[in-house]
Amino acid sequence: MRIVALAAVLAALACADAGQAANGWWTFKRQTNIDSTLSWKWTYPPSAAEYSRSWRAGSGSSPSECRPAEGWLPAGWYSQWGHWNQYDGSAVRGRVWWLQDKYCRDGVTRRTELFIHSEETASNGQNCTSAYDDPFCWERAADYYSLGCIKLARPSPVADFPNDLGNAHTTYHNYGGKSDHGASSDAYELYVFD
Amino acid sequence: MAPKPLLLSTVALALIAAACGSAPETAERSAARPRGIYAVGEHVFGLDGKPAVELAAAPVAPLAGWLTPAGAPSPDGRYLAYNAWKELRRDDPALSWDDQGIEPGDPLATPSIRLYELASGNDAVLQDGAFSLAWRADGALAYFKGAERDYRAGVPYVGDVFVRPGPDAPPERWSPERGRYVVVGWAGRTLIGYREREGEALDVVAFDEPGRMRILAPDAGLVAISPDGRRVFVEQGPAQGRPNLRVLEIANAAVVARLDLTRVDPGVGTVNYAGDWRGDRVVASSASGLALFRVSSRAIRLERAIRVQGPGLSEPRFADAGRHVVAWASSRHGGVLVDCEETTADCDRFRPLTDAAGVHGFPVWRRNLYNPSRPLQEG
């Protein structure tokens with residue numbers, strides 16, 4: 001895990017009720033499909049001082065943001081429209097954040113069904129059974145590839161990756177993210193840029 | 001509606017050609033216009049007996065991208081069926097929905113499938129609230145229709161797959177349950193398409209008859225249907241493990257050939273969906289441009305990789321008896337058509353003028369139109 005934080009973060013961490021007044025948002029800096037940076041940033045209004053934590057993250061298998069099911073997340077601002085701890089979808093499970101649909105840069109093609117997630121079961125566990133790639137087991141760096149979503153690593157019985165999903169989840173809730181779970185339209189946003 | 005005369009500005013756009021990649025700029029070699037059928041905004045070129053026609057709307061399928069053609073000519077050449085998209089409110093991609101005041105459930109757009117009749121020039125909505133279509137050899141038309149007409153913010157656009165025996169016949173539901181489907185093409189009497197899940201996960205599926213759907217290839221993309229309509233060529237990218245290609249029997253989903261893409265020219269990298277299969281050859285877009293494969297009864301062999309600089313290519317089609325490949329790429333100014341000669345790997349590029357205006361809020365958009373169903377004789 002890479003952590004990029006301002007020095008003031010330490011002081012903020014010491015405040016037990018720091019999350020009550022924080023205002024947070026995500027950023028995603030696109031570098032490569034399997035080595036980009038997801039950050040959670042927050043402030044304590046009215047102070048403009050900005051704090052952040054960052055993690056390695058992946059998105060897509062191609063830098064062509066207009067290719068559905070292949071390209072990384074299109075650039076721009078997103079609304080986050082839901083957060084679940086035990087999401088039980090067919091392809092995405094566990095701790096997830098649901099993002100709005102987005103026109104890509106061609107102005108025509110819409111990317112849909114976008115999430116921030118990892119590879120884990122709905123109960124936040126790991127299902128590692130096969131020789132190569134299980135969809136709900138984080139085995140290797142290639143798991144950073146996605147069909148378009150942002151993906152974070154987590155530990156598994158077969159690989160020693162950092163608990164970036166868990167840390168992002170905790171940071172989100174402690175520093176400005178909503179405590180509620182489920183679908184909701186809230187002020188938390190994601191900014192995707194190069 | 002009578003067909004409108006071709007705009008001079010459109011002619012000018014179509015004649016703008018430049019060399020692509022490392023190919024020399026040989027103006028005398030450049031084709032007068034791209035091969036095959038293609039759209040420039042709402043104008044369509046290359047239809048039989050028509051130098052150009054102007055449609056009522058630009059053929060685009062925002063909810064499908066190029067998983068499926070934006071439009072397809074009917075097997076008898078009488079019609080062009082195409083996807084259209086009517087925005088109900090502006091959605092600026094630079095801004096979040098919250099910042100634009102878009103609330104959950106707000107109607108954003110209406111997709112529709114339109115039918116253009118070449119002889120009369122009549123251009124009418126065949127089905128509102130629908131997108132993605134496929135013509136069968138006998139003229140039956142399949143499409144996906146949403147449970148609701150409008151695409152709404154934060155509401156997955158679920159619906160069903162329908163088939164009409166002919167454009168005027170009543171539709172019959174073929175999907176066994178509601179879902180997110182994209183129709184691609186017919187393989188004989190079997191309809192091939194996608195079922196989409198969270199995270200844009202795609203399963204290649206087959207609809208054999210009303211109410212009967214099978215998964216042919218989970219977590220995969222469809223490159224092409226074989227000329228005889230018995231097999232499909234599918235790809236899997238690195239998000240599903242080791243990138244690979246497979247040929248499957250449609251009847252039973254058995255894998256008859258497989259190629260591990262990590263064991264061929266690394267320039268190929270990955271292979272993308274929406275390619276073409278003619279004879280024993282398959283063309284697909286790849287990470288570096290185009291990849292051509294030979295398919296035998298038990299094997300897939302990389303025949304050639306054509307490197308094409310610039311943005312990734314989409315929907316490559318064989319043209320000119322397989323001597324050329326025509327594809328397109330997405331740029332900030334719209335689609336750019338690329339015509340590559342297979343033996344020399346030289347590519348001509350047909351791009352819109354940088355200051356050209358789009359139509360209906362869309363950029364100038366160039367994209368080839370085709371019918372991926374097999375067996376089928378294309379125009």
**Prompt:** A:Asp143 fails exactly one of the following numbered conditions: (1) acidic (Asp, Glu); (2) within 11 Å of chain B (Cβ to nearest Cβ); (3) part of a loop (DSSP other than H, G, I, E, B). What is the number of that condition?
**Reply:** (3)
**Message:** Any residue that is within 19 Å of B:Ala142 (Cβ to Cβ) and either away from chain A (no Cβ under 14 Å) or among the aromatic types (Phe, Trp, Tyr) (or both) - is there at least one of those in the stretch B:59-68?
**Reply:** yes
**Request:** May I ask you to say which residue of B:Leu222, B:Leu191, B:Leu202 is more than 14 Å from chain A (Cβ to nearest Cβ) and not charged (D, E, K, R)?
**Result:** B:Leu191
**Item:** Enumeration of residues in the stretch B:310-348 that are more than 19 Å from the chain's Cα centre (by Cα) and within 14 Å of chain A (Cβ to nearest Cβ)
**Value:** B:Gly310, B:Arg332, B:His333
**Request:** Of the numbered conditions (1) part of a strand (DSSP E or B); (2) among the small types (Gly, Ala, Ser); (3) away from every other protein chain (no Cβ under 14 Å); (4) free of Cβ contacts under 8 Å to residues at least 24 places away in the same chain, B:Ala305 fails exactly one; give the number of that condition.
**Result:** (4)
**Flag for B:Ser285 being touching a strand residue (DSSP E or B) at 6+ places or on another chain (Cβ under 7 Å), surrounded by fewer than 24 Cβ atoms within 10 Å (Cβ to Cβ), in a strand (DSSP E or B) and within 11 Å of another protein chain (Cβ to nearest Cβ)** = no
**Request:** Test A:Glu189 against the criterion of being within 11 Å of chain B (Cβ to nearest Cβ) and more than 15 Å from the chain's Cα centre (by Cα), and give yes or no.
**Result:** no
**Fill in**
In the stretch A:137-154, anything in contact with a Lys or Arg (Cβ under 6 Å, 6 or more places away or on another chain) and either among the hydrophobic types (A, V, I, L, M, F, W, C) or over 16 Å from B:Thr270 (Cβ atoms) (or both) is listed as A:Trp138
**Complete:** Sole miss for A:Pro135 among (1) farther than 26 Å from A:Ser64 by Cα; (2) in a loop (DSSP other than H, G, I, E, B); (3) touching a residue at least 24 places away in the same chain (Cβ under 8 Å) is condition (1)
**Request:** Could you check, for the stretch A:102-122, whether at least one of its residues is modelled with pLDDT under 95 and over 30 Å from B:Ala70 (Cβ atoms)?
**Result:** no
**Message:** I'm checking my understanding of the structure. Among residues of the stretch A:48-65 that are in contact (Cβ under 8 Å) with a residue 60 or more places away in the chain and not in a strand (DSSP E or B), which one is nearest to the other protein chains (Cβ to nearest Cβ)?
**Reply:** A:Ser61
**Request:** Could you list all residues from the stretch A:66-93 that are free of Cβ contacts under 8 Å to residues at least 60 places away in the same chain, of a type outside the set (D, E, K, R) and more than 9 Å from chain B (Cβ to nearest Cβ)?
**Result:** A:Gln86
**Message:** Return the residues of the stretch B:168-202 that are surrounded by fewer than 19 Cβ atoms within 10 Å (Cβ to Cβ), modelled with pLDDT of 95 or more and among the acidic types (Asp, Glu); say none if nothing qualifies.
**Reply:** B:Glu172, B:Glu177
**Prompt:** What tally of residues in the stretch B:99-118 results from selecting those that are within 14 Å of chain A (Cβ to nearest Cβ) and outside any strand (DSSP E or B)?
**Reply:** 8
**Request:** Identify, from the list B:Ala84, B:Ala134, the residue that is within 14 Å of chain A (Cβ to nearest Cβ), over 24 Å from A:Leu114 (Cβ atoms) and at pLDDT 95 or above.
**Result:** B:Ala84
**Fill in**
B:Glu148 vs (1) assigned to a loop (DSSP other than H, G, I, E, B); (2) in contact with a Lys or Arg (Cβ under 7 Å, 6 or more places away or on another chain): all pass except (2)
**Message:** Considering only the stretch B:160-171, I want to know if a residue exists there that is in contact (Cβ under 8 Å) with a residue 12 or more places away in the chain and within 13 Å of another protein chain (Cβ to nearest Cβ).
**Reply:** no
**Request:** Considering only the stretch A:150-171, state which residues are of a type in the set (S, T, N, Q) and either surrounded by 16 or more Cβ atoms within 10 Å (Cβ to Cβ) or not in a helix (DSSP H, G or I) (or both).
**Result:** A:Ser156, A:Asn163, A:Asn167, A:Thr171
**Request:** Tally the residues that are in a helix (DSSP H, G or I) and surrounded by fewer than 23 Cβ atoms within 10 Å (Cβ to Cβ), restricting the search to the stretch A:172-194.
**Result:** 2
**Request:** Please indicate, with yes or no, whether at least one residue in the stretch B:239-247 is within 14 Å of another protein chain (Cβ to nearest Cβ), buried (at least 17 other Cβ atoms within 10 Å of the Cβ) and under 16 Å from the mean Cα position of the chain (by Cα).
**Result:** no
**Request:** Report yes if some residue within the stretch B:319-338 is basic (Lys, Arg), at pLDDT 90 or above, surrounded by fewer than 20 Cβ atoms within 10 Å (Cβ to Cβ) and assigned to a strand (DSSP E or B); otherwise report no.
**Result:** no
**Top-ranked residue of the stretch B:172-188 - restricted to ones that are away from chain A (no Cβ under 14 Å) and aliphatic (A, V, I, L, M), ranked as farthest from B:Pro75 (Cα to Cα)** = B:Val183
**Criterion: touching a residue at least 40 places away in the same chain (Cβ under 8 Å) and over 18 Å from B:Val271 (Cα atoms) - qualifying residue of B:Arg212, B:Arg189** = B:Arg189
**Message:** Checking the structure you have, find out if any residue of the stretch A:69-81 is more than 18 Å from the chain's Cα centre (by Cα), of a type in the set (Ser, Thr, Tyr) and buried (at least 21 other Cβ atoms within 10 Å of the Cβ).
**Reply:** no
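The values are calculated or read from the model by the stated rules, or taken from the named source; none is laboratory data. Predicted model, so just to flag it, every value in this text is computed and none were measured. Counting neighbours? That spans all protein chains shown, and the Cβs are built from the backbone with ideal geometry, glycine included.
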